[in-house]
């Protein structure tokens, strides 16, 4: 049973759940506005003061973000030892569902975008979602990002990885993350490449039934050429995607600015 209230929010229904926690539709009793309330799992009975301080610092960073493609974050707090974030509520499709309904379009003579979309990808793929306005409004396509790495911040403090578990969605992990090596912005760019590859082909670059087989593919094999999977794909986008998911960080784009410049060519 979901909690009836979390901080100043009245829980209305459960929207989704996964390894990182649960997302609820909730009502802010102060303003009467609906929000998406994400109650994060800490992997333990309570959240210590140090982890709470880190969550507060992370929220301060998120609160400063103001971009039409980034979901708005309103408030952070702790409920019964578990941290929560109140975010903008956006209705729509998951990325997985969007790819399912769009996949066949990739192989038709005149491919089309069947839904304008807004992507909300969180630390767990279970939460990843895409929002679609009315089908007649294809000119209003918009992508929303909703993944701020909070699971990793909490893992460092609350001991989620004490037993050696990896944080994040397996298919989006860069090789260096699988190997337990230091991570930097190029690891995030790898994840961006996986998403771009999926959006262009309808499938991830690597896929398997078990994490260990998936990791073997990521570390040892090359993905199928995008343009062989999507005959209508844009060659420049395909080149960008393939470079983003190269095994060695030094072989990828080094900054998001470089990616932007490549997409602008």
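The values are calculated or read from the model by the stated rules, or taken from the named source; none is laboratory data. This one's a predicted model, so the numbers in the text were calculated from it and none came from an experiment. Note that each Cβ is placed from the backbone with ideal geometry, even for glycine, and that neighbours are counted across all protein chains shown.
General observations
- For residue 83, the test of being modelled with pLDDT under 85, part of a strand (DSSP E or B) and either farther than 24 Å from residue 169 by Cβ or in contact with a helix residue (DSSP H, G or I) (Cβ under 9 Å, 6 or more places away or on another chain) (or both) is passed.
- Restricting the range 204-232 to residues that are touching a residue at least 60 places away in the same chain (Cβ under 8 Å) and assigned to a loop (DSSP other than H, G, I, E, B) leaves a set whose member that is surrounded by the most Cβ atoms within 10 Å (Cβ to Cβ) is 230.
- Of the residues making up the range 235-247, those that are touching a residue at least 12 places away in the same chain (Cβ under 8 Å) and either exposed (fewer than 14 other Cβ atoms within 10 Å of the Cβ) or more than 25 Å from residue 217 (Cα to Cα) (or both) number 1.
- For residue 254, the conditions (1) assigned to a loop (DSSP other than H, G, I, E, B); (2) surrounded by 20 or more Cβ atoms within 10 Å (Cβ to Cβ); (3) modelled with pLDDT of 95 or more all hold with the exception of (2).
- Residues that are closer than 18 Å to residue 81 by Cβ, in contact (Cβ under 8 Å) with a residue 24 or more places away in the chain and part of a strand (DSSP E or B) within the range 6-22 comprise 6, 9, 11, 17, 21, listed in sequence order.
- With respect to (1) surrounded by fewer than 16 Cβ atoms within 10 Å (Cβ to Cβ); (2) at pLDDT below 85; (3) assigned to a loop (DSSP other than H, G, I, E, B), the lone exception for residue 50 is condition (3).
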